[in-house]
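Q: Below is a structure I'd like to ask you about.
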Amino acid sequence: MKRQKYISWDEYFIGVAQLSALRSKDPSTQVGACIVNTDKRIIGIGYNGLPSGCEDDEFPWERENKSIVDTKYPYVVHAEANAILNATRETKGSSIYVTLFPCNECMKLIIQSGIKEIVYVSDKYSETDLHKAAFKMMKAANISYRQINASEVVKND
Ligand SMILES: Nc1ccn([C@H]2C[C@H](O)[C@@H](COP(=O)(O)O)O2)c(=O)n1
Ligand SMILES: [Zn+2]
């Protein structure tokens with residue numbers, strides 16, 4: 001008889017996203033993403049981090065500072081963007097598993113890359129205007145979405 005307590009596809013793919021998030025150097029929010037095609041093949045993974053050549057120890061990780069130039073925000077590549085850039089196959093029609101609901105900028109990339117489903121864990125920024133903008137674009141682009149519970153490898157709340 002086959003083993004009964006194996007994990008579901010959702011648990012598997014969000015688990016890969018959570019594992020990827022553990023690579024992030026961001027001290028406050030670690031995000032992981034995993035793109036899965038209609039054959040249930042992982043075609044791209046990513047986490048939030050600096051672009052190649054930008055050393056983790058030489059750039060700021062602060063959220064606030066006198067100038068935005070001395071914060072992380074101008075530099076970090078978001079997890080979803082990295083997953084899309086890393087994709088090894090056609091992303092059209094695929095799903096993205098992400099530990100945090102995509103921001104407005106990532107939503108634009110998700111739409112333009114033809115991803116059709118967003119599966120996420122946390123939506124801790126749901127009250128912000130940029131989240132509302134992301135949601136509005138997602139609905140307009142007919143992308144489906146669902147929030148899932150995931151065992152907490154990475155805490156994002
Ligand atoms: N969907 C998202 C949203 C945010 N990120 C990254 C960008 C930053 O590294 C971090 C957010 O930092 P916080 O403002 O919470 O201190 O998460 C992402 O990769 N994907
Ligand atoms: Zn983003």
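The values are calculated or read from the model by the stated rules, or taken from the named source; none is laboratory data. Keep in mind it's a predicted model, so treat the numbers as computed, not measured. Ideal geometry is used to build each Cβ from the backbone, glycine not excepted, and the neighbour counts take in all protein chains shown. With ligands, DNA and RNA removed, areas are computed over all heavy atoms of the protein, side chains included. Shrake-Rupley method; radii C 1.70, N 1.55, O 1.52, S 1.80 Å.
Q: Restricting the search to the stretch 41-75, which residues are under 23 Å from GLY114 (Cα atoms) and within 16 Å of ligand 2 (Cβ to nearest atom)?
A: Across the stretch 41-75, the qualifying residues are GLY44, ILE45, GLY46, TYR47, ASN48.
Q: What residue, among those in the stretch 15-63 that are within 8 Å of ligand 1 (Cβ to nearest atom) and among the charged types (D, E, K, R), is nearest to SER151 (Cα to Cα)?
A: It comes out as ASP26.
Q: How many of the residues making up the stretch 92-107 are near ligand 2 (Cβ under 9 Å from one of its atoms) and open to solvent by 10 Å² or more (accessible area, probe 1.4 Å)?
A: 4
Q: Given the conditions (1) more than 18 Å from HIS78 (Cα to Cα); (2) in a loop (DSSP other than H, G, I, E, B), report the number of the one that PRO51 does not fulfil.
A: All conditions are met except number (1).
Q: Within the stretch 1-38, can you find the residues that are small (Gly, Ala, Ser) and either surrounded by 15 or more Cβ atoms within 10 Å (Cβ to Cβ) or within 12 Å of the chain's Cα centre (by Cα) (or both)?
A: GLY15, ALA17, SER20, ALA21, SER24, GLY32, ALA33
Q: What pairs can you find where one residue is in the stretch 22-48 and among the hydrophobic types (A, V, I, L, M, F, W, C), the other is open to solvent by 30 Å² or more (accessible area, probe 1.4 Å) and near ligand 1 (Cβ under 8 Å from one of its atoms), and their Cβ atoms are less than 7 Å apart, with a gap of 6+ or different chains?
A: Taking only residues 6 or more apart or on different chains, the pairs are LEU22/GLN30; VAL31/TYR47; VAL31/HIS78.
Q: Residues of the stretch 109-124 being within 15 Å of ligand 1 (Cβ to nearest atom) and farther than 15 Å from ALA79 by Cβ, which ones?
A: ILE111
Q: Output the number of residues of the stretch 10-45 satisfying the condition of being closer than 19 Å to TRP61 by Cα and part of a helix (DSSP H, G or I).
A: Qualifying residue count, the stretch 10-45: 2.
Q: State whether the residues of the stretch 125-136 include one that is within 15 Å of ligand 1 (Cβ to nearest atom), open to solvent by less than 40 Å² (accessible area, probe 1.4 Å), touching a Lys or Arg at 6+ places or on another chain (Cβ under 6 Å) and farther than 18 Å from ARG23 by Cα.
A: no
Q: Among the candidates ASN48, ASN82, single out the residue that is of a type outside the set (A, V, I, L, M), surrounded by 15 or more Cβ atoms within 10 Å (Cβ to Cβ) and touching a Ser or Thr at 6+ places or on another chain (Cβ under 6 Å).
A: ASN48
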